[in-house]
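Asker: The following block contains the structure, expressed as C-alpha cells.
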Amino acid sequence: MVNKDRILDEFIRLVKIDSPTMHEREIADYLKGKLSALGLEVYEDGAGDVIGTEWGNPAGNLIATLKHTVPGAPAILLCAHMDTVEPGRGVNPIVKDGAVYSDGTTVLGSDDKAGIAAILEAIQVLKEQDLPHGDIEVVFTVAEEGGLRGAKNLDYKRLKSRFAYVLDCDGAAGTIITRAPAQYRIKSSIIGKAAHAGISPEDGINAIYIASKAISQMQLGRIDEETTANIGVISGGKATNIIPDLVNIEGETRSIDTEKLEKQTDRIVEILKKTAREFGAQVKVEKDFLYPRLKLDETDTAVVIAMEAALAIGRKPVLAGTGGGSDANILNGYGIPTVNLGIGMSKVHSTEEYITIDNLVLNAQYLLEIIKSAAKKRNSESG
C-alpha cells in the first residue's frame, strides 16, 4: 500500500530544506501545510520562543492530531525531529544503487527526515485506504540535536496518547529500543593561584596539575553494562611561563540504573572537591540532569504492538538498548511509555550518510502495521 515513488520524492523534498538546529522555521512551515492538507489539526507550541530567543523567528514543536475512526481505540503518538546536524545546509541528495546519499559535502539528513517521511506516508495511506485507526497524534520536535530541548519544552498538556513511537534510531524496521540511559552533565572550575613558572613556582597553585590528579582517581569509560562516565573537555592556562590559576573541566555520566547514575556522578564530584582542598585550591562544580532513562519491559503495550507489527511485515523484532538519549527519553519522563524505532539510516552525522529506498518504504509499512495493531487494542489495555 505504500507508494514507493511518493515517499522517495517526499524524502528528497524534505532533505533539501535547510533545518539545522534552531533554524527549523522553513521546514516547520512546510510541514504545517502538509499536515493540514492531510486533514490533521495542527498546533505550533511556544518551545521556539523559550529556547531560541537569540534567533529572529524560531520554530516551535508541531503537534497535530488525526481524529479516530475506531471509537475506543487508544490514542498513539508518532514522533520525529525536524532539525539536523551541521554540515546540513544546501543538501544535494543523490539517488544511486537503490539508496539516497548526499553529494559528500553535507550530511544527508535522514536523521531524522526519514522518520518524518515515514509518518507522512503512513498517514497518506491511512486516508487513501480508509484504514481503521484510533486518534493519532503527530509530534515533530525542534532542537533534538541540541540537547533534546524541543521535547523538554513540548506542550504536554495538549497530548492524550497513552504510548508513543519515536522514529530516530539506526537498525532497520523491527529494531525496538526499550532501554536508554539517563544522563548528567558535569562542569567544574578549579581555581588555583598564578605565579611565574621560572622565578617563583612555589608561590603558585597549579590548577591543571590538580585537575590531572583528580582525573587520575576517577573511574571512566565503561563502568558496567549499564553505566558509562567520561571527561571530555579540559581547558585552561595562559602561557608556559605562568602557573595556571584556572582550569575548566566538562564531563558526563550515563546509566540505565538511576542509583548507579547518582553514585557515579557523586563520586566524580567528590573527587574534584577533595583533590582541590588537598592542594589549597578552590573548586566550583555543577551537575545538570539532562534527561531521564528509557526502560520498558517486553510486556508493555507499546513494545507488544511494535513486536506484533514487525512480525506482520515479515521482520523479526529485536529488542535492544542504546547508550544515547533521544526524544523517547523525554516522552517517557513525562509518563508516556515510548519506544525508539530503527529506521535503517546509516553513517548518520557524517557526510557519508545514506538510507536505502527499501528502508524508506519499510518504515512506512511498519508504521501502518503499528497503527492497525493499536486500533485493535482496548483503552483498558493501553496503560
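Asker: Mind listing whichever residues of segment 44-73 are exposed (fewer than 14 other Cβ atoms within 10 Å of the Cβ) and hydroxyl-bearing (Ser, Thr, Tyr)?
Answerer: Residue satisfying the conditions is THR53 alone.
Asker: Pick from ILE186, ILE205, ILE256: which is buried (at least 18 other Cβ atoms within 10 Å of the Cβ), in contact (Cβ under 8 Å) with a residue 24 or more places away in the chain and under 30 Å from LEU341 (Cβ atoms)?
Answerer: From the options ILE186, ILE205, ILE256, the qualifying one is ILE256.
Asker: I'd like to check which strands (runs of 3 or more DSSP E) are fully inside segment 247-366 and have at least 3 residues that are at pLDDT 95 or above and either farther than 18 Å from ALA114 by Cα or more than 16 Å from the chain's Cα centre (by Cα) (or both).
Answerer: So the answer is 282-291, 318-321, 354-356.
Asker: Quick one: what pairs do we get from segment 268-286, first residue over 16 Å from SER212 (Cβ atoms) and of a type outside the set (D, E, K, R), second modelled with pLDDT of 95 or more and not in a strand (DSSP E or B), C-beta under 6 Å, 6+ apart or different chains?
Answerer: Short answer, once both residue conditions are applied: VAL285/VAL269; VAL285/LEU272.
Asker: Ok, one more. Tell me the residue from LEU31, LEU14 that is within 24 Å of the chain's Cα centre (by Cα), farther than 14 Å from VAL139 by Cα and not in a loop (DSSP other than H, G, I, E, B), please.
Answerer: Exactly one residue qualifies, and that residue is LEU14.
Asker: For segment 79-86, does any single residue satisfy the condition of being under 24 Å from the mean Cα position of the chain (by Cα), at pLDDT 95 or above and over 21 Å from LEU154 (Cα atoms)?
Answerer: yes
The values are calculated or read from the model by the stated rules, or taken from the named source; none is laboratory data. Here the structure is a predicted model, which means the values were calculated and not measured. So basically every Cβ, Gly included, is an ideal-geometry build from the backbone, and we count neighbours across all protein chains shown.
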